[in-house]
Amino acid sequence: MDSEIRVNKDMGKAVMLQWVIGLLALLGVSQVDAEDPYFYYTWTVTYGTRSILGVPQQVILINDQFPGPKLEVVTNNNIVLNLINKLDQPFLLTWNGIKQRKNSWQDGVLGTNCPIPPNSNYTYKFQAKDQIGSYTYFPSTLLHKAAGGFGALNIYHRSVIPIPYGYPDGDFTLLIGDWYKTSHKTLQQSLDSGKPLPFPDGVLINGQTQSTFSGEQGKTYMFRISNVGLSTSFNFRIQGHTMKLVEVEGSHVVQNLYDSLDVHVGQSLAVLVTLNQPPKDYYIAASTRFSRTVLTATAMLHYANSQTPVSGPLPAAPAFQFHWSMQQARTYRWNLTSNAARPNPQGSFHYGKITTTKTIVLANSASFINGKLRYTVNGVSYVNSDTPPKLADYFNIPGVFTMDSIQGLPSGGAATVATSVMPASLHDFLEVVFQNNENTLQSWHLDGYDFWVVGFGSGRWNPHKRKTYNLVDALTRHTTQVYPNSWTAVLISMDNQGMWNLRSAAWGRQYLGQQFYLRVFDPVRSLTNEYGIPSNVLLCGKAVGFHP
């Protein structure tokens, strides 16, 4: 059933949102101690049956919704969310791109949190601190992401801090991703048996194969586009319309116009689209990239006064492949004169003039360990422990993880398995190079941070490649692609203490070991650096019996 978003609702929503933003800003100033507002939610996670691709299948619902509810908050709002798990398996949500400042306790991954048992609950408490932009949440446990449980998390700016574009006349969220008819449990069994994920069966936009987005001629609308799929990049385009890129995962960018945009797994961006064409209906298309078989999802852009249905061929995807995509990625630049969530301009932080304290080179590979497929980072395939490393670190529980199993350079040795944690010191400034010697595109994500994507290149990285880095206006983001037989270099200011997951955003690769944790640490335990353990923390494994 089509989900048509009416223009009068959009206009009303835009007006209401600005009113709410103003009110929340006022409340934030007027409350005792100027504490930022709190918002309370209760979400219940259940199974349900939906015919997504014409076949009834089991999906994961949140408050009976697929995709899950949209979280819309203002910078620095506090979120208190009680998550009730009614599934038959333990469950967690992670908040993709939310930095969780000094608060990895709320990250919602198995290295920091015990999963919520069936018929139990956990209350997340976190702040959208100093962030704006388009983000998502999704299940971090098992292959639950293949069944749903994902949704949008949009953070709007405070009214006292301007944005570098006019207020759009409407705000649309498009969660786009590959989809399987096969159940998540069957997919998990396939991975457990040593097989990679198969090619998906389709692509969805907001959990549907057909959607309609309506607007008025002459007005401008924001489209927030996120890749919530398991493994596949897509290209996004709108028939007869150009897109002005304005935001990428919290960074305001130089506002270039694009006919189409590649979006890789785990990534989000926002564009402005002006309805400046004759009033009719136009195709919106998202199709898989870099795949022999091309799957396409379509939606409709409907002009409010249109009497003409959509017609003509779908807008064409780029004819060129990886080189074209890399060249497009290089055009994404930080808007140095614009602020983001804070009032100071982004360009006031001269990241390119900071001396790096350490260089880490991370090479991904596919290996067979004990006769089964595993994915590795520098030869180590991560295995989850019954005890989250974060809890083991806090309670000084030995034998849970090791900080010498994974090295900062590829070893070239035989692949091994470990609950691998890499140490880093608080306030380090790291150069991290993702080296991809495989023939498939990789997508890498770091929890708790964003990073400057300073360089892409073909072949193997070496120190001479630093001459090609963008040390002036590279944008920050939380997820970056690494092209086949290529490298991507990022710079990270390690200013957020905690235990943080660095992982493949391609979920089958993450599940089979392409991940590890960065332990960002200061030997002096202080609330200035990191919040204390939550009073409602869930305990499991060797942490059972300890007291917060």
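The values are calculated or read from the model by the stated rules, or taken from the named source; none is laboratory data. What you see is a predicted model, and the numbers here were worked out from it, not measured in a lab. Cβ atoms come from the backbone with ideal geometry, glycine included; neighbour counts cover every protein chain shown. The accessibility values were calculated without ligands, DNA or RNA, using every heavy atom of the protein model including side chains. Shrake-Rupley method; radii C 1.70, N 1.55, O 1.52, S 1.80 Å.
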Name the one entry in Gly218, Gly266, Gly207, Gly194 that is of a type in the set (Gly, Ala, Ser), open to solvent by less than 20 Å² (accessible area, probe 1.4 Å) and over 18 Å from the mean Cα position of the chain (by Cα).
-> Gly194
Test: residue in the stretch 151-162 that is touching a Pro at 6+ places or on another chain (Cβ under 6 Å) and of a type outside the set (Lys, Arg) | yes
Residues in the stretch 468-478: is at least one free of Cβ contacts under 8 Å to residues at least 40 places away in the same chain and outside any loop (DSSP other than H, G, I, E, B)?
-> yes
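Residues checked against (1) touching a residue at least 40 places away in the same chain (Cβ under 8 Å); (2) touching a Gly at 6+ places or on another chain (Cβ under 6 Å); (3) crowded, with 20+ Cβ neighbours inside 10 Å; (4) outside any strand (DSSP E or B):
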residue: Tyr40; (1), (2), (3), (4): yes, no, no, no
residue: Leu53; (1), (2), (3), (4): yes, yes, no, yes
residue: Ile60; (1), (2), (3), (4): yes, yes, yes, no
residue: Pro67; (1), (2), (3), (4): yes, yes, yes, yes
residue: Gln89; (1), (2), (3), (4): yes, no, no, yes
residue: Arg101; (1), (2), (3), (4): yes, no, no, yes
residue: Gly111; (1), (2), (3), (4): yes, no, yes, yes
Just for strands (runs of 3 or more DSSP E) wholly inside the stretch 396-436: which have at least 3 residues that are crowded, with 21+ Cβ neighbours inside 10 Å?
-> 429-436
Filtering the stretch 441-464 down to residues that are hydrophobic (A, V, I, L, M, F, W, C), under 20 Å from Gln131 (Cα atoms) and either open to solvent by 10 Å² or more (accessible area, probe 1.4 Å) or touching a Cys at 6+ places or on another chain (Cβ under 8 Å) (or both) yields Trp452, Val453
Go through the residues of the stretch 78-85 one by one and say whether even a single one is at pLDDT 95 or above, on the phi > 0 side of the Ramachandran plot and either open to solvent by less than 10 Å² (accessible area, probe 1.4 Å) or in contact with a Pro (Cβ under 6 Å, 6 or more places away or on another chain) (or both).
-> no
Only one of (1) assigned to a loop (DSSP other than H, G, I, E, B); (2) surrounded by 15 or more Cβ atoms within 10 Å (Cβ to Cβ) is not met by Ser287, so which one is it?
-> (1)
Please go through the stretch 496-548 and pick out each residue that is part of a helix (DSSP H, G or I) and buried (at least 19 other Cβ atoms within 10 Å of the Cβ).
-> Trp507, Gly508, Arg509, Gln510, Tyr511, Ala543
Do we find that Ile155 is open to solvent by less than 10 Å² (accessible area, probe 1.4 Å), over 20 Å from Phe234 (Cβ atoms) and under 22 Å from the mean Cα position of the chain (by Cα) in this structure?
-> yes
Take the residues of the stretch 158-191 that are aromatic (Phe, Trp, Tyr) and part of a loop (DSSP other than H, G, I, E, B): which is surrounded by the fewest Cβ atoms within 10 Å (Cβ to Cβ)?
-> Tyr167
Are any of the residues in the stretch 202-219 at pLDDT 95 or above and farther than 27 Å from Glu72 by Cα?
-> yes
When you look at Val361, is it open to solvent by less than 40 Å² (accessible area, probe 1.4 Å) and under 30 Å from Ile161 (Cα atoms), yes or no?
-> no
Matching residues, the stretch 497-548, being in contact with a Pro (Cβ under 8 Å, 6 or more places away or on another chain) and hydroxyl-bearing (Ser, Thr, Tyr) | Tyr517, Ser535
Take the residues in the stretch 208-261 that are in a strand (DSSP E or B) and basic (Lys, Arg), then tell me which one is farthest from Leu475 (Cα to Cα).
-> Arg237
Looking at Ser367, is it out of contact with any His (no Cβ under 6 Å at 6 or more places or on another chain), polar (S, T, N, Q) and not in a helix (DSSP H, G or I)?
-> yes
For the stretch 291-315, how many residues meet the condition of being within 21 Å of Leu174 (Cα to Cα) and in a loop (DSSP other than H, G, I, E, B)?
-> 6
Can you tell me which of Ala392, Ala366, Ala340 is within 25 Å of Arg503 (Cα to Cα) and in contact with a helix residue (DSSP H, G or I) (Cβ under 8 Å, 6 or more places away or on another chain)?
-> Ala392
